Amino acid sequence: MKQCIESTFPDSIDIVKQVNTNADIVTQHPCFSNEAHYRVGRIHLPIAPKCNIQCNFCERNMCATEAIQHPGWTARLLSIGEAVNLVGRIMLTRRDSNFVIGVAGPGDPLANDQTFEALGIIHQQYPQTLKCICTNGLLLEDRLDEIATVGIRAITVTVNATSAEVGEYTYSWVRYEGVTYYGKEAASLLISKQFSGIEKAVDAGFSLKVNTVLVPGINNKEMSLIARKAKQLGASVMNIMPLIPCGKMKELRAPTCEELREARQDCEAIIPQFRRCEQCRADVIYLP
Ligand code: SF4
Ligand code: SF4
């Protein structure tokens with residue numbers, strides 16, 4: 001029965017409610033479930049170059065040394081055709097489809113139409129394979145229907161602040177509908193779009209994870225507030241990641257292991273924590 005329903009090509013967010021069982025994703029997605037992380041593979045398609053915000057810790061880079069994991073890094077960008085062919089080649093040797101296919105950069109998946117074009121083709125060819133994105137959330141609500149149409153079921157939104165006072169130190173600018181915002185105004189717009197996007201996505205039946213970059217001295221006091229908000233909006237799990245000092249934050253320090261452990265422990269009382277994050281490249285391929 002489940003096979004049968006999952007192979008239906010959905011055409012609206014209403015159908016997500018029928019075909020997506022949140023419980024399955026929470027236990028089977030390698031980045032929602034600690035247990036599934038090494039059991040289920042993940043393929044990131046580096047097809048999304050542009051971003052519509054500037055996080056102060058972000059540094060996108062072309063780096064061919066695939067052993068180095070780093071968000072926003074890729075050996076090169078793939079065209080839509082190359083991404084579809086890559087998945088096709090992997091499918092030939094991995095017929096068990098024991099992996100998820102996602103877009104996580106190097107920019108924001110929702111700021112790039114290539115995400116929808118490539119995943120749309122892949123979903124038509126392999127409707128049973130779980131598809132996901134990792135986004136800053138600015139366009140989540142606006143593009144929710146398109147997200148459903150291309151078969152995405154699991155969404156990660158990176159939320160680094162609940163208030164504009166903290167957000168203004170985290171983000172340099174936010175560009176929305178052709179206007180660029182700065183300072184508290186930018187942070188406030190992004191945060192409100194993230195929250196309304198998460199709420200609408202959960203309501204439409206998507207599985208939601210909240211990623212948070214822990215930046216000592218900037219947002220460390222916001223961790224439990226973010227956890228509470230994520231829980232309240234219906235996210236299933238939270239993933240607190242340590243800052244990799246880069247970009248405008250290259251002079252800041254990463255949290256210690258103890259600080260990271262404490263933040264996760266505090267937030268675990270509020271929402272389940274994902275602890276296996278490897279801060280992957282935008283072109284990571286892990287097949288167990
Ligand atoms: S949303 Fe992602 S790609 Fe965009 S600036 Fe932030 S970290 Fe970089
Ligand atoms: S960066 Fe973390 S959450 Fe994202 S795919 Fe890698 S392990 Fe999963």
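What follows draws every value from the coordinates through simple rules; no lab data is involved. Everything numeric here is computed off the predicted structure, so don't read it as measured data. Positions of Cβ are generated from backbone atoms using ideal geometry, with glycine treated the same way; all protein chains shown enter the neighbour counts.
Given the pairs Lys193/Lys231; Lys200/Lys229; Lys209/Lys229; Lys200/Lys221; Lys131/Lys193, which are separated by over 19 angstrom at their Cα positions? Display every interim value, and only then the final one.
On the way: Lys193/Lys231 17 Å; Lys200/Lys229 14 Å; Lys209/Lys229 12 Å; Lys200/Lys221 27 Å; Lys131/Lys193 22 Å.
From the list (Lys193/Lys231; Lys200/Lys229; Lys209/Lys229; Lys200/Lys221; Lys131/Lys193), the Cα-Cα distance tops 19 Å for Lys200/Lys221; Lys131/Lys193.
Here's the list of aspartates and glutamates a cross-link from Lys248 could span, going by alpha-carbon distance under 16 Å and ignoring same-chain residues fewer than 8 apart: Glu59, Glu168.
Sequentially through region 144-155, phi angles give Karplus couplings (6.51, -1.76, 1.60; θ = phi - 60°) of 4, 5, 5, 4, 5, 4, 8, x, 6, 10, 10, 10 Hz, Gly and Pro residues having no value and appearing as x. One Cα centroid belongs to region 227-288, the other to region 115-150; the line between them spans 23 Å. Size of region 163-288 from its Cα atoms: along the principal axes, largest to smallest, the extents are 42, 41, 32 Å. Loop sites here are trypsin sites (Lys or Arg not before Pro) outside DSSP states H, G, I, E and B with no more than 15 other Cβ atoms within 10 Å. The longest part of the chain free of them is 96-249.
Rg of the Cα atoms in the chain, relative to 2.2 N^0.38 Å, amounts to 0.93. Listed values for region 273-288 are Karplus-derived 3J(HN,Hα) couplings in whole Hz (6.51 cos²θ - 1.76 cosθ + 1.60, θ = phi - 60°), namely 10, 8, 10, 9, 4, 10, 6, 5, 5, 6, 10, 5, 10, 10, 10, x, and x replaces Gly and Pro. Modelled label positions at Ile68 and Ala254, each set 7 Å beyond Cα in the direction of Cβ, lie 1.3 nm from each other.
Among Glu141, Glu268, Glu177, the residue with the largest mean-square fluctuation in a Gaussian network model of the chain, with springs joining Cα atoms closer than 10 Å, is Glu177.
Over the residues of the chain, the helix contribution to mean residue ellipticity at 222 nm works out to -10500 deg cm²/dmol, using -39500 (n - 2.57) for each DSSP H run of at least 4. With the largest listed first and rounded to whole Å, the semi-axes of the equivalent ellipsoid of region 64-140 from the Cα gyration tensor are 20, 17, 12. To the nearest ten degrees, helix 223-233 and the longest principal axis of the Cα atoms of the chain are 40 degrees apart. Helix 113-125 and the longest principal axis of the C-alpha atoms of the chain enclose an angle of approximately 30°.
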